[in-house]
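Read the structure below first, then the notes.
The values are calculated or read from the model by the stated rules, or taken from the named source; none is laboratory data. For clarity, every value in this text was computed on a predicted model and none was experimentally measured. Backbone-built Cβ (ideal geometry, glycine too); neighbour counts: all protein chains shown. Protein only, heavy atoms only, side chains kept; ligands, DNA and RNA dropped before computing areas. Shrake-Rupley method; radii C 1.70, N 1.55, O 1.52, S 1.80 Å.
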Number of protein chains: 2
Amino acid sequence: MSGGFRVAIVGATGAVGQEIMKILLERKFPIADLKLLASARSEGKKLKFGDEELTVSEAKPSSFSGVEIAFFAGGAVSKELVPEAVARGAVAIDNSSTFRLEPEVPLVVPEVNPEDLEKHRGIISNPNCSTIIFVVALKPLHDAARVKRAVVTTMQAVSGAGKEAIDELLVQTRQVLAGESAVPRVFPHQIAFNLIPHIDVFFENGYSREEMKLLLETRKILHDEEIRITATTVRVPVLRSHSESVNIETERKLTSEEARVILKEAPGIVVQDDVDNCQYPMPLFTSDRDEVYVGRIRDDISHEKALNFWIVADQLRKGAATNAVQIAEALSKRNLL
Amino acid sequence: MSGGFRVAIVGATGAVGQEIMKILLERKFPIADLKLLASARSEGKKLKFGDEELTVSEAKPSSFSGVEIAFFAGGAVSKELVPEAVARGAVAIDNSSTFRLEPEVPLVVPEVNPEDLEKHRGIISNPNCSTIIFVVALKPLHDAARVKRAVVTTMQAVSGAGKEAIDELLVQTRQVLAGESAVPRVFPHQIAFNLIPHIDVFFENGYSREEMKLLLETRKILHDEEIRITATTVRVPVLRSHSESVNIETERKLTSEEARVILKEAPGIVVQDDVDNCQYPMPLFTSDRDEVYVGRIRDDISHEKALNFWIVADQLRKGAATNAVQIAEALSKRNLL
C-alpha cells in the first residue's frame, strides 16, 4: 500500500466485507492505508490483504480519524457510525438500508445514475442487492421504451443474509442428507431443500420490506416516481447469486430482438440467451462475476407491450461489494472524494 | 382386494406410479384386482401394496384385457398403450402430455371441471403438475372476478422429472459438499445449489413447452380461450413440491380480503397466510399433502385490479397421482366407468 486513499472497511469480517477486500485488490483500487473494523467480538483477528496481514480493530467513532473512504458492509452499525465517519471528513459508502431513501443521500448504481454522486454530502448509499441487479438490466430498456410496470419474482441466495446464513444452508443440507433434523437459526424455517417466501419484515400491506425496497429504491435510482413495480421475494437454497424473473410493460412496444440488442450494448450486462444450446443465466455459473447476466428474453404472449426476461448476478459482488467499490472509483474519477 | 374395480398402473415403478399405489390405498379406492405394469426392465420386480406383494409385468397391449381403469403414470409409453387399453374396454387416466390438448379428450382437475368427465371416450388426461396446482387456486378467483391475465413464475421440484432426478439432486448435493464436481445426467446442468430456468424443450417463441402448457392447459380446463398467461418455469433444488408466484389481473377489482375468503371456501385449498407468524406455504411442509396451499395474498401495489399470491403443492400428489385417483373416484361416482 502506497500512493492512494486512506480506506476503512466496517464489517470487514463478514461476507460483504471480505468481498470488498477481495475486489479492492482485484481492481487495484489505490490504497495508502487500510483499516479493518468490526464489532468488539472480532477485535484482534488477523486478515490477509494481498501479501499483508492486517489486524481487525473494534469500530468506534474515533476509528475514522484520517479516513477518506469508509465502506460500511451493512447492518445496524451504520446508523451510529456513518455520521461519525462523515463528521471526521470521510466519504461513507454504506451498504445498509439506513440512509437509502433519505432525499439528500445519493443511491447509486454506477452504470445507471453516476451523476447522482455529484450532490453527495458525505454519504452514498449502496442499493439493496436485488435492486442493483434489477436496475442494471432495467435502465437501458427504460431509456429505450419507458417501463410502466414490472412484475418481479426474486429467488435470493442465502449469502444475502450473511456468512452465518451460508453456513446454515451447508450445515442443514448435511443434516438432511444424514437423516437428522435441521434446526433453523438465521432463517425462520429450514432453507435446505426448501423455499421461503419471506425476506426481511412484513408491512401492513402484506409486502415484505425486501419487496418494497425493489419499488422504492428503483424509483429513486431512476428518478421516476411513476414506475410501478410489484415484487415477490423468495429465499432459495443457493449459495451466492440472486435470480429474478421479470415481466415489464413498456410505453412503446419493445420486441425481444430489440431488447436483446439494447442489453448487449448496455454497461455491466452479459446477455446469455441461447436456449437451443441450454445457455441462460444460472446462479451457479455467475458466482464470482461482476456482471449482471440476462437471458430468457421473450415477447410476452399475454400482453402486446410486455417482455419477459431472467436476470442473475452475484449478490455479494455486483449486488453489494463490487457496486460499492465502483462507487468509490466513480467518486475518485469525478474528484468527489 | 375384493369388491371393486380391476385396475392397472402403467409405470408402477416410477415416482408417480409409486405415489398412485400409495394414494389408492390411503383413499381406500375399491380394487378387485391390481396389475402393476412397467417397461421390460422392471419385469419380475416385486412391489408391496398394503399387505400384498405384487409382481411387475411388462406393459403390453394384451396386459389390458379385463382392466377397467388404467392409470398411466406418464412418459412416452402412453402414446402406444393408452389406445390399446381403451380398445380393450379400459378407461385410461393418462398423466402424459400426449392427449391433453386433443379436443375429444377431457383434461380434468376434479375441483375445477369434473363435468368434463361426462363426455369422455375412454381417455381422460391428467394436466401437467404446474397447471393442476395453478388452476385449483385460479378457478374460484376466476369465477368471482374473471381473471384476464396472469404472470406466473414457477419454482419446480426435481420430482417432476422422475425418480432419477430426485436421486440426481441428492447425489449432486453430496458431491458438492464433498468438494467433488457434480455431473449432470437428468438435467442439462447441475441442479444442486443451483436454479435452471429450463423445463422441457423450447419453442420458436422462446417459451419452453412447460411454460406453454400452463397457458394452453389452463385455457382448456377453464373453457376460456380469452385468458392470457405468461409463465417462466424454473427448476429448483427442492425434492417434491412445486411453488408458483402468481400475479393476476381481474375484470372486476378483487381485494386481497375477498380473495382470502373465496380461497378459504374453495375445494382442495388450504389458505396459509399469516405473515406475522411466519406462516406461508413452503415446499418442505406441503410434501405428502393433497391440498394446494395458498398464501402471500396481497393487493398488487402496481395495478388497481391485480393481486399477488403464492401457491405450493406436492407435485407428486396433487400435481400428479392424487389428481389421477380423484379422477377415478369422480368417474366412479358419476357411473362413467
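Across the stretch B:301-311, which residue is nearest to residue B:129 (Cα to Cα) among those that are at the interface with chain A (Cβ under 7 Å from one of its Cβ atoms) and open to solvent by less than 10 Å² (accessible area, probe 1.4 Å)?
Across the stretch B:301-311, the extreme among qualifying residues is B:310.
Which of the residues belonging to the stretch B:230-275 are within 11 Å of chain A (Cβ to nearest Cβ), closer than 27 Å to residue B:19 by Cβ, part of a strand (DSSP E or B) and not acidic (Asp, Glu)?
Passing the criteria: B:231, B:232, B:233, B:234, B:235, B:241, B:242, B:243, B:245, B:246.
Are any residues in the stretch B:68-96 out of contact with any Ser or Thr (no Cβ under 7 Å at 6 or more places or on another chain), over 17 Å from residue B:16 (Cα atoms), in a loop (DSSP other than H, G, I, E, B) and open to solvent by 10 Å² or more (accessible area, probe 1.4 Å), and if so, which ones?
Scanning the stretch B:68-96 gives B:68, B:89.
Does the stretch A:279-337 hold any residues that are part of a strand (DSSP E or B) and of a type in the set (Gly, Ala, Ser), and which are they? Explain how you work it out, then say what you get.
We begin by selecting, within the stretch A:279-337, every residue part of a strand (DSSP E or B); these are A:279, A:292-299, A:306-314.
Matches in the stretch A:279-337: A:295, A:306, A:313.
Is it the case that the stretch A:140-162 has a residue that's closer than 22 Å to residue A:18 by Cα, surrounded by fewer than 21 Cβ atoms within 10 Å (Cβ to Cβ) and in the same structural domain as residue A:209 (by TED's automatic domain parsing)?
Looking through the stretch A:140-162, at least one residue is closer than 22 Å to residue A:18 by Cα, surrounded by fewer than 21 Cβ atoms within 10 Å (Cβ to Cβ) and in the same structural domain as residue A:209 (by TED's automatic domain parsing).
Which numbered condition in (1) closer than 20 Å to residue B:165 by Cβ; (2) acidic (Asp, Glu); (3) open to solvent by 20 Å² or more (accessible area, probe 1.4 Å) is the only one that residue B:19 fails?
(3)
Can you tell me which residues in the stretch B:108-153 are part of a strand (DSSP E or B) and farther than 17 Å from residue B:315 by Cα?
Of all residues in the stretch B:108-153, those part of a strand (DSSP E or B) come to B:123-125, B:147-153.
Passing the criteria: B:123, B:124, B:147, B:148, B:149, B:150, B:151.
Within the stretch B:119-138, is even one residue under 30 Å from residue A:243 (Cα atoms), open to solvent by 30 Å² or more (accessible area, probe 1.4 Å) and touching a residue at least 24 places away in the same chain (Cβ under 8 Å)? First the steps, then the outcome.
Start the filter on the stretch B:119-138 by keeping residues that are under 30 Å from residue A:243 (Cα atoms), which leaves B:127-138.
Imposing the further condition that a residue be open to solvent by 30 Å² or more (accessible area, probe 1.4 Å) reduces the set to none.
No, the stretch B:119-138 contains no residue that is under 30 Å from residue A:243 (Cα atoms), open to solvent by 30 Å² or more (accessible area, probe 1.4 Å) and touching a residue at least 24 places away in the same chain (Cβ under 8 Å).
Looking at this structure, is residue A:173 polar (S, T, N, Q), closer than 30 Å to residue B:285 by Cβ and part of a strand (DSSP E or B)?
Details: polar (S, T, N, Q): yes; closer than 30 Å to residue B:285 by Cβ: yes; part of a strand (DSSP E or B): no.
Taking the combined requirement at face value, the residue does not satisfy it.
Looking only at the stretch A:201-216, decide whether some residue is facing another protein chain (nearest Cβ under 7 Å), open to solvent by less than 10 Å² (accessible area, probe 1.4 Å) and either touching a residue at least 40 places away in the same chain (Cβ under 8 Å) or in a loop (DSSP other than H, G, I, E, B) (or both).
yes
Being open to solvent by less than 50 Å² (accessible area, probe 1.4 Å), without any contact (Cβ under 8 Å) to a residue 60 or more places away in the chain and closer than 28 Å to residue B:157 by Cα narrows it down to one of B:50, B:14, so name that one. Please lay out each step first, then the result.
Numbers: B:14 fails: without any contact (Cβ under 8 Å) to a residue 60 or more places away in the chain.
Going through B:50, B:14 in turn, just one is open to solvent by less than 50 Å² (accessible area, probe 1.4 Å), without any contact (Cβ under 8 Å) to a residue 60 or more places away in the chain and closer than 28 Å to residue B:157 by Cα: B:50.
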